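Some notes on the structure that comes next.
The values are calculated or read from the model by the stated rules, or taken from the named source; none is laboratory data. The model shown is predicted, which means the values in this text are computed figures rather than measured ones. Ideal geometry is used to build each Cβ from the backbone, glycine not excepted, and the neighbour counts take in all protein chains shown. To get the accessible areas, we keep the full protein, side chains included, count just its heavy atoms, and leave off ligands, DNA and RNA. Shrake-Rupley method; radii C 1.70, N 1.55, O 1.52, S 1.80 Å.
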Amino acid sequence: MSDQQDPKAVEKVYTRLIDLLTTGEEIIYIATQKKPLVNILPDCVALTNKRVLFFTPANLGLSIKFIDFVWKDVVDVSIKEEIIGAVFFVKTTNQAEMGVDYLPKVQARKLYQYAQERKEEEREARRQRELEEKRAESGSFNFDAHAASSQAAEPEPVITAPPIAMPVREEAKPDELTEKLKKLRTLFDHGLISQEEYNAKKMELLSDL
């Protein structure tokens, strides 16, 4: 109420808005129209942490109509400052547009500031969702399970006691190297490592021979 809002208009919108809030939804800011000369039945804009709502008085002020847009559907917000007041615009993903004119400039700027913050938070949330979806898609192929099944399909040879004393490590080394090279190749084939990483690791393994 410190930015030239109409107290009666804010009270009506606030009373109506409280009944519309969903679980976890909070009111951020309410702006009210200030028409020149006579400011009867002004339109209002309300921002919450989940959506932007436009309120228009109807039936000579006895009721209020509203239109709301959730933040994930808002692609652009803008303000246009004029000689008298400013206009606040919202554009959505389906090309719908909504705006309120004759807003005090201080209120329009607050709406723009808070709306941009909410859009930035929504973009970050969308980015996190996309990352999680990509991780889920790349994790659909469980490499560890595949390697385990490959090893189960090809049982390791049973090493019997040699007639002469020989290091068991040296006898098993070629099989271990083969398995490591197979796993390394599988990682490369599924795009989990780059060509450079594959070549470097392969040379490292071969240098142990």
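Odds and ends about this structure:
- Solvent-accessible surface of the range 1-68, taken per residue with a 1.4 Å probe and all protein chains present: 58 Å².
- Taking 7 Å steps out from each Cα toward its Cβ at GLU121 and LEU206 produces label points 5.6 nm apart.
- Amide H contacts of VAL100 (H built 1.01 Å from N, under 5 Å, at least 5 apart or other chain): PHE88
- Beyond 18 Å in Cα-Cα separation lie the following of the pairs LYS8/LYS110; LYS91/LYS119; LYS72/LYS105; LYS34/LYS91; LYS50/LYS91: LYS8/LYS110; LYS72/LYS105; LYS34/LYS91.
- Computed over protein heavy atoms with a 1.4 Å probe, the carbon and sulfur contribution to the accessible area of the range 1-131 reaches 54%.
- Derived scalar couplings ³J(HN,Hα) [the range 69-78; Karplus, 6.51 cos²θ - 1.76 cosθ + 1.60; whole Hz; x for Gly, Pro]: 9, 6, 5, 5, 9, 8, 9, 7, 10, 7
- Around the amide H of ASN49, modelled in the peptide plane, lie the amide H atoms of GLU26, ILE28, all under 5 Å away and 5 or more residues distant in sequence or on another chain.
- Each Lys or Arg adds one and each Asp or Glu subtracts one; over the other residues with Cβ under 13 Å from the Cβ of LEU41, this totals +3.
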